[in-house]
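The values are calculated or read from the model by the stated rules, or taken from the named source; none is laboratory data. Everything numeric here is computed off the predicted structure, so don't read it as measured data. Cβ: placed from backbone, ideal geometry, glycine included. Neighbour counts: every protein chain shown. Side chains included, ligands, DNA and RNA excluded: accessible areas come from the protein's heavy atoms. Shrake-Rupley method; radii C 1.70, N 1.55, O 1.52, S 1.80 Å.
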Amino acid sequence: MNQRYESKWAMSWKALLYDLMAGFRDDLFDAEQLQKEWLCFVGQQFHTSQLRLFHIDRQTQPTCADEQESALIKAVDAPYLLYKEETSKGPGLYNLGFRLSGFCKDKQLYLLLNADEELLSDLTEEDLLFFAEESSRLIQWAKDRQEIEGRVNRYKDLFDATGKLHSSTDIEFVLKEIIAALEKAFPLYSYHFLMAMERSYTGLPVSHFNFDDVSEEGMASYTKGTIEVDDICSILYAPLIGKQGVYGVLKVNFAKEGQLPEMKKEFIRMLAAAGGGAIEKVMLYEQSRQLNADLQLINDASHKLNSSLRFSDVLSFLHAQITHSFRACEVGFIFLNGAETDIISGSSSFFLEAEGQELIRFTVNQLRKEKEAFFIGELEGKLEGVLPTFHAMMAVPMEQGTELNGFCIVLRREPYSFTFEMYKLLQSLIHHSTLALANAMLREKLEKMVITDHLTKLYSRGYLDRSLQKSLEKDEKGVFLLVDIDNFKKVNDTYGHQVGDEILIQVAQIMKAAIGKEDMAARWGGEELAVYFPNCSLEEGVATAETMIAKIAANTTPAVTVSCGLSFWSNENPPSKKQLFNYADAALYEAKEAGKNRITVGHYCK
């Protein structure tokens, strides 16, 4: 306190102020209560109950309800002013005014009071200056105390908020906690997030960071990772920054308060940085989980694909995995056969439609031109004359060495709905699958070679034997047909063995065309062929054989005829496999003896 004033009145005022400050040192500070008690002490010191306190904006003229009050305030241009002029206002007259430091830099505090005249006559100018100076010091002390406590409370809130932010694995929760902490600290401000990540946010003031629309200050905050202020619009931009990058910008509108002290800027910066770190932690957690899931997918897929799956099973498995993992709407597997494209069974039916065909042509051209996988966020305008149903696509080639065998296409309806991580995962999955597909195709080719006659492409006799035996064990009936080309030796002697082979091929093709999907045609040996009809009646077997005999006679070049021996069985009295063959062989011999180009029915089990 100032030691220049030694009067009894000045020292009593100093003592009152000490008591007032002491009463507020240990308790939770309340500036409003301090002001009330200070006014009581002022009334006590000046022996009056008539006093008023005004907070006046430095930038505007005082607008008091009472004209006298306004005039008196305007007159106070020094620390104090004694009013000598008489007025007719009566009991509300003020005779003393003080100009004191306010609680805000842009506010001036005015104290008007009607002091006891006898007391006032005893006070010196030094007493009044002492009162003004010490009262201003009290106000400054209160202001500093309030700022310190506010700062302590804000940083306590910041500490609590930081703990909450880093305890969550949900970005929406992080953003909500940032808003809650800011609204508690600075309730007059409004807040908005500009997020660089494409996500959906429920019930939050969030929009996507649009590089074309954001302000210059907002762009600088995002690219530099620094606090930026647009003083014209009263907006602050604080980056949500982590160690690996900036994930968005917090936009703070402080127009209602008109100014933003450095202390508040620093608090917002620290909270935004804590939020950025928490968001980065959540994203790293999500990425680690996704990477885990991706590795698990590749591992499971590799294990499944390397098991003894058939080609169709491999494609079905891939289709299911891709649809689930990439939330795909359509999946296509296309193989290249020279200039031709084959849509493999297991692909979505969309690729059989006109739009799907155009997409396949586009993909083939792209792969042959670029020679690498690609993905497109928006297909509109890419396909000639087609308005696409699906806007996002990924295409990955199936390669063996340097040879392009085919490709996989994955589609979704929403534009830009595939991420780069999805694209890399699909590449890895197709890379691991290509070998499994090639192995499955090779295995099926080898299996087909084993059970197929090389010349006629009919089944081998061994396969027919095994299949017929299974039918005898599980079916109710069946027909076995033995076919022999008439005068085949003469054909070989006349036209040569090459023509004889051509005749065998022609007859085999006619036989395959005449039978059903469940029936089996095989080369029995030499010029003899055979057909087995599972679950077929005698009448149906005879009718099919007669049709076959007629077509062979009419559609072979040079023309040949065939003779057939037929045997039938039912589960009422089933024969052995050998008996069934013998019955058909005997019937064939009878057909030959009867003049050839005919069918003879052998044993018939009733």
Residues whose built amide H sits under 5 Å from the amide H of Gly248, excluding neighbours closer than 5 in sequence, are Ala196, Leu240
Which entry in (1) 101, 56, 47; (2) 159, 50, 44; (3) 90, 57, 47 is this structure's computed Cα extents along the principal axes in Å? (2)
Net length gained if the chain between Asp213 and Arg368 were fully extended (0.36 nm per residue, minus Cα distance): 51.9 nm
So Glu540 and Phe173, fully extended at 0.36 nm per residue minus their Cα-Cα distance, gain in nm 124.8 nm
First select every other residue whose beta carbon is under 14 angstrom from the beta carbon of Arg289; then total the charges, Lys and Arg +1, Asp and Glu -1. -3
Check each of the GluC sites (Glu not before Pro) in region 173-274 and keep only those in coil by DSSP with at most 16 other C-beta atoms within 10 angstrom; list them in order. Glu198, Glu257
Loop chymotrypsin sites (Phe, Trp or Tyr not before Pro), region 379-420, which have at most 15 other Cβ atoms in a 10 Å radius of their Cβ (DSSP): Tyr416
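Based on DSSP H runs of at least 4 residues, each adding -39500 (n - 2.57), what is the mean residue ellipticity at 222 nm of the chain after dividing by all its residues, to the nearest 500 deg cm²/dmol? Write out the running numbers ahead of the final one.
On the way: 16 runs with 296 residues, N = 606.
When only DSSP H runs of four or more count, the value is -16500 deg cm²/dmol.
Do any GluC sites (Glu not before Pro) in region 369-455 lie in a DSSP loop with no more than 14 other beta carbon atoms within 10 Å, and if so, which? Spell out each step's value before the answer.
Details: sites: Glu370, Glu372, Glu378, Glu380, Glu384, Glu399, Glu403, Glu421, Glu444, Glu447; in loops: Glu372, Glu378, Glu380, Glu384.
For GluC sites (Glu not before Pro) across region 369-455 that sit outside H, G, I, E and B with at most 14 neighbouring Cβ atoms in 10 Å, the list reads Glu372, Glu378, Glu380, Glu384.
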Protein-only accessible surface order, largest first, of Tyr18, Tyr589 at 1.4 Å: Tyr589, Tyr18
Phi-based couplings in Hz for region 478-484 (Karplus 6.51, -1.76, 1.60; Gly and Pro marked x): x, 10, 10, 10, 9, 10, 10
Using a Förster distance of 56 Å, the FRET efficiency for Gln290-Leu352 (Cβ separation, nearest 0.05): 0.95
FRET efficiency (Lys578, Ala438; Cβ distance; R0 45 Å; to 0.05) is 0.65
For Cys329, what residues show an amide H to amide H distance below 5 Å, using hydrogens built from the backbone and excluding near sequence neighbours? Leu411, Arg412, Arg413
Output ³J(HN,Hα) for region 387-392: one whole-Hz value per residue in order, computed from phi by the Karplus curve 6.51 cos²θ - 1.76 cosθ + 1.60 with θ = phi - 60°, and x for Gly and Pro. 8, x, 6, 10, 9, 10
If the chain between Met449 and Trp141 were fully extended at 0.36 nm per residue, the gain over the current Cα-Cα distance would be 100.9 nm
Each label point is 7 Å from the Cα along the Cα-to-Cβ direction; what then is the distance between the points at Arg461 and His47, in nm? 14.3
